[in-house]
Amino acid sequence: MTTANEASVLSVQRLTVSFGDRTVIADLNFEVMPGQNLAIVGPNGAGKTVLLRALLNLLPYEGVIQWAAGTRLGYVPQSIAADRQLPLFVSDLLGAKAHLLKLPAEKVRETADIVGLAPDLLATRIGVLSGGQFQKVLITFALLGDPNVLLVDEPTASLDELAQEHVYELLEKLRLDRNLTVLLVSHDLSVVYQFATKVLCLSKASPCFGSPREVLTPDTLAKVYSAVPKFYQHVHDHHSADHA
Amino acid sequence: MHSPGEIYGIVLALLFAVAAGLVGSFALMKRMLLASDVISHVALPGIGVAFLFGFNPLLGGAATLFLGTLLIWQLQKKTGLATEAMIGVVFAGSLAIGAALTPQEDLVEALFGRFQALSLFAFLVGIVAVLLIIFVIYRFKEQLLLSLFSPELAAATSVRLNRLNLYFLLTFSLTVLVGLRFMGALLAGALVIIPATTGRRLASNVSHFLFASCLVSVAATSLGFLITAVALPRFSPGPIVVIISTLFFALSLLKKTR
């Protein structure tokens with residue numbers, strides 16, 4: 001085992017993930033510092049979700065993934081990956097995790113409170129929640145067990161813009177209030193620009209790692225994505241005022 | 001008056017009804033409910049061999065069902081295809097072998113079974129099996145729910161999916177095996193399927209669902225035995241139980257779907 005940089009929460013060295021003879025992630029290196037919000041961006045199929053799953057140790061990989069001692073991971077999967085047809089109340093779902101982690105029952109209510117999940121939603125079937133409510137349930141689920149690192153996969157896919165903003169602001173508030181480190185897979189580059197402290201782009205042609213200002217330039221993006229996506233540098237000038 | 005053997009049979013049937021309701025509820029959520037009807041056929045080669053060599057058919061059935069379950073589990077891990085598909089393959093093969101092996105005159109009994117008075121030993125073995133089924137479902141309820149909701153989320157919450165799946169499959173097969181004992185291969189799955197489907201229609205959260213499935217299952221079993229004893233002494237209770245649970249399902253249709 002290689003020792004991680006003293007201060008870093010996560011150190012990834014020479015990470016390679018392959019399925020059969022198809023290599024999805026090749027020789028990836030990066031580090032994450034405590035309290036950072038690392039955005040993971042890249043075109044479809046670049047391996048964003050695969051990276052998260054490797055970091056969670058759900059996939060076989062080569063190379064080194066080293067979490068700092070005492071790291072507790074919380075995972076917010078893509079909401080489409082969950083079966084919402086099951087006859088589950090929100091409290092059943094959250095209660096199942098609390099049970100497995102041997103947490104006291106009131107922890108569920110406390111955590112729902114932190115996320116701003118209304119108490120009456122706990123006795124609601126997951127199938128009838130709105131997209132935004134369901135996303136909050138997934139975030140509450142991830143926060144049970146008091147993680148210090150959150151791995152979040154496309155939290156705003158299939159949400160309208162207002163709900164998207166709400167989710168990002170919630171994640172940002174949690175990060176600051178609870179001193180969380182956040183690793184966030186996102187498609188939405190303006191949001192990445194606004195909230196991320198570091199950006200990792202996964203791209204076979206030209207992977208990059210750096211601050212949003214360094215990385216999110218039309219030039220780099222053109223290399224990362226085959227075509228420049230709908231993102232313009234002008235966000236740069238007044239991004240902080242956008243969502244005041 | 002009933003003999004102790006008949007009482008044993010009834011007590012075991014009622015406890016089995018609880019187990020079948022629980023297992024059926026999870027099988028429904030796993031979308032493999034119909035598999036309970038066909039997985040029992042995996043027992044057939046063993047039953048056939050037992051008839052040929054004159055030992056206890058249930059023992060032979062148990063052996064092939066156990067091996068078949070492990071085979072299904074392995075195949076599913078290896079191919080990545082749905083459990084249901086693997087059960088289909090193993091079931092079809094077993095049915096063919098079983099039909100070839102089992103003497104014609106015994107085939108009907110193997111397929112339809114007969115409710116018989118139980119020896120104390122058979123009763124105790126049955127009770128242990130049923131309590132084991134109930135225990136496993138109770139013990140792994142939360143893990144099963146999470147794995148159904150999202151396998152990757154469950155895995156990230158340190159649920160060992162492969163192992164969990166094996167436990168569930170073995171429990172599932174054991175349930176069908178105990179059902180085989182008094183209902184026969186064709187009807188063994190019925191108490192797994194119908195009460196759970198009825199319960200699902202009546203409940204919107206998981207504890208109500210499990211409770212409703214068990215309740216329907218126990219009610220159908222007790223009514224089935226009662227009606228057979230009182231009005232239809234020449235019938236086997238198995239089919240009556242299944243008919244009554246089907247009626248319960250029909251009644252559940254009166255509830256409006258939200």
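The numbers here are math on the coordinates, done by the rules we state, and not lab data. The shown structure was predicted, so the numbers you read here are calculated from the model rather than taken from an experiment. Here Cβ is always computed from backbone atoms with ideal geometry, including for glycine, and neighbour counts include all displayed protein chains.
How do B:V241, A:V128, B:V136 line up, fewest other C-beta atoms within 10 Å first?
So the residues, fewest neighbours to most, are A:V128, B:V136, B:V241.
Rounded to the nearest 5, what % of the DSSP beta bridges within the protein assembly as shown are antiparallel ones? Display every interim value, and only then the final one.
Numbers: 16 of 33 bridges.
Of all bridge pairs located within the protein assembly as shown, approximately 50 percent are antiparallel.
Could I get the Rg over Rh figure for the stretch A:81-146? Both from C-alpha atoms, Rh via Kirkwood, rounded to two places. Don't jump to the answer; show the numbers that get you there.
Details: Rg = 10.7 Å, Rh = 11.6 Å.
Rg/Rh: 0.92.
Would you please state the base-10 log of I(q)/I(0) at q = 0.08, 0.14 1/Å for chain B, with intensities from the Debye formula using one equal scatterer on every alpha carbon?
With one equal scatterer per Cα and no solvent, log10 I(q)/I(0) is -0.30, -0.94.
Among the listed pairs B:K30/B:K256; A:K136/A:K198; A:K48/A:K204; B:K30/B:K141; A:K97/A:K136; B:K30/B:K77, which have their C-alpha atoms separated by more than 18 angstrom in this model? Numbers along the way, then the final one.
Working: B:K30/B:K256 24 Å; A:K136/A:K198 24 Å; A:K48/A:K204 12 Å; B:K30/B:K141 13 Å; A:K97/A:K136 15 Å; B:K30/B:K77 16 Å.
Pairs exceeding 18 Å: B:K30/B:K256; A:K136/A:K198.
Under a point-charge model restricted to the Cβ atoms of Lys and Arg (+1) and Asp and Glu (-1), what is the dipole moment magnitude of the protein assembly as shown relative to its Cα centre, in debye to the nearest 20? Don't jump to the answer; show the numbers that get you there.
Working: 36 positive and 33 negative charges, 195 e Å.
For this selection, approximately 940 debye.
Which length gain, in nm to one decimal place, applies between B:L253 and B:Q74 when the Cα-Cα distance is subtracted from 0.36 nm times their residue separation? Display every interim value, and only then the final one.
On the way: separation 179, 0.36 × 179 = 64.44 nm, distance 3.85 nm.
Working it through step by step, the gained length comes to 60.6 nm.
Taking H placed 1.01 Å from N in the peptide plane, check which residues at least 5 places from A:Q36 or on another chain put their amide H under 5 Å from its amide H.
Residues meeting the criterion, in which the H sits 1.01 Å from N, are A:V182.
Hey, fewest Cβ within 10 Å first, where do B:E84, A:E154 land in order?
Numbers: B:E84 16, A:E154 21.
Taking fewest neighbouring Cβ atoms as first place, the list is B:E84, A:E154.
Taking the convex hull of the alpha carbon atoms in the protein assembly as shown, what volume per residue do you get, in Å³? Walk me through the numbers before you get to the answer.
On the way: hull volume 88.6 nm³, N = 502.
Considering the Cα atoms of the protein assembly as shown, their hull volume per residue is 177 Å³.
Give me a single rounded figure for A:75-88: the average over its residues of other chain Cβ atoms within 10 Å of their Cβ. Don't skip to the answer; put the middle values down first.
On the way: counts 6, 2, 6, 2, 1, 0, 5, 6, 6, 2, 3, 8, 13, 9.
Per residue, the average neighbour count from other chains is 5.
Which shape class, rounded, prolate or oblate, goes with the stretch A:109-152 when its Cα gyration tensor gives a ≥ b ≥ c as root eigenvalues, a/c under 1.5 marks rounded, and past that a/b bigger than b/c marks prolate?
On the way: a/c = 2.50, a/b = 1.52, b/c = 1.64.
It is oblate, given that a/c is not under 1.5 and a/b is not larger than b/c.
Please give the contour-minus-distance gain from A:R84 to A:E110: 0.36 nm per residue of separation, less the Cα-Cα distance, rounded to one decimal in nm. If you can, show how the numbers build up before the last one.
Values: separation 26, 0.36 × 26 = 9.36 nm, distance 2.35 nm.
The A:R84-A:E110 span can extend by a further 7.0 nm.
For Cα pairs less than 8 Å apart in space and 6+ apart in sequence, what is the mean separation divided by the residue count of chain A, i.e. the relative contact order in percent? Kindly include the intermediate steps, with their values, before the conclusion.
Numbers: 413 pairs, mean separation 56.7, N = 244.
Relative contact order here is 23 percent.
Please figure out what share of the DSSP beta bridges in the stretch A:68-183 is antiparallel and state it in percent, rounded to the nearest 5. Walk me through the numbers on the way to the answer.
Working: 1 of 8 bridges.
In the stretch A:68-183, approximately 10 percent of DSSP beta bridges are antiparallel ones.
Starting with the fewest neighbours, write out B:T175, A:T23 ranked by other beta-carbon atoms found within 10 Å of each beta-carbon. Don't skip to the answer; put the middle values down first.
Values: B:T175 30, A:T23 14.
Least to most surrounded, the residues fall as A:T23, B:T175.
Could you pull out every residue, at least 5 positions away or on a different chain, whose amide H is within less than 5 Å of the one on A:V152? Hs are placed 1.01 Å off N in the peptide plane, and Pro or chain starts have none.
For A:V152, the qualifying residues are A:V76, A:L183, A:L184, A:V185.
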